[in-house]
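Read through the structure below, which is laid out as C-alpha cells, and then see the notes.
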Amino acid sequence: MIKIAVVDGQGGGIGSAIIRKLKENYGESVEIIALGTNAIATASMMKAKANKGATGENAVVQNVNYVDFIIGPLSIVMANSLMGELTPKMAEAIASARAQKILFPLFQENLSLVGMTGQPFPHLLETLVHEILDERIAHV
C-alpha cells in the first residue's frame, strides 16, 4: 500500500484540504499519515480522515523515512517556517527523506519564487491528483 505523509502546522487547514482531496480520489487504496507541527494541526488533519496522525518534531523526523510521498506547503523544507513551528530538524528530515516530495507554493515566509503562476489552492489540488499523483502512484 502506498503511504503518504501530509505535513502541516498552525491550524492544519492546508493539510486537511489535501487529505480530503486524496481520500476523495484514492479512498483507502492509500495510507495517509498526518504529521502536524502542533496538536491542533494534527487533530484537524485527523478529522479530514487521515489514517494515522502524530505531532511534533520527533514524529516528523521519524515518520518521513517510512513513506512514499511527502505532501505539504513549500515551507516544510524551510527551517523555522510556519511562524517558527517547523524546526530545523524537521526541515532537514523532510528535505533529506527518500520519499518523493510534492510541495505547494504556499507560504507566509519572506520568500518569493520567480515564475510561479499564483494559481488558487483548489486548482493546485486538482493538479496534485490528476497530473502528478495519478501517474506516480501507478508506478509505485
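FYI, it's all coordinate maths here, none of it is from the lab. Note that the structure is predicted; figures quoted are calculated from it, not measured. Backbone-built Cβ (ideal geometry, glycine too); neighbour counts: all protein chains shown.
General remarks:
- A simple charge model with +1 on the Cβ of Lys and Arg, -1 on the Cβ of Asp and Glu and nothing else charged puts the dipole of region 1-76 at about 200 debye relative to its Cα centre.
- Across region 52-58, computed HN-Hα scalar couplings (Karplus, 6.51 cos²θ - 1.76 cosθ + 1.60, θ = phi - 60°) run 9, x, 8, 10, x, 4, 5 Hz from first to last residue, x flagging Gly and Pro.
- Dipole axis of the chain (+1 Lys, Arg; -1 Asp, Glu on Cβ), positive-most option in 84, 103, 66: 66
- Where labels lie 7 Å past Cα in the beta-carbon direction, separation of residue 40 and residue 79 in nm: 2.6 nm
- Debye, to nearest 20: dipole size of the chain, +1 on Lys, Arg Cβ, -1 on Asp, Glu Cβ: 240 debye
- Residue-averaged [θ]222 nm for the chain, counting only DSSP H segments that reach four residues, each worth -39500 (n - 2.57): -10000 deg cm²/dmol
- Rel. contact order, % - alpha carbon contacts under 8 angstrom, at least six apart, region 29-95: 27 percent
- Among the trypsin sites (Lys or Arg not before Pro) in region 13-111, those placed in a DSSP loop whose Cβ has at most 12 other Cβ atoms within 10 Å are 98.
- Per-residue packing, averaged as other Cβ atoms within 10 Å, sorts the ranges 59-70, 123-134 into the order 59-70, 123-134, beginning with the highest.
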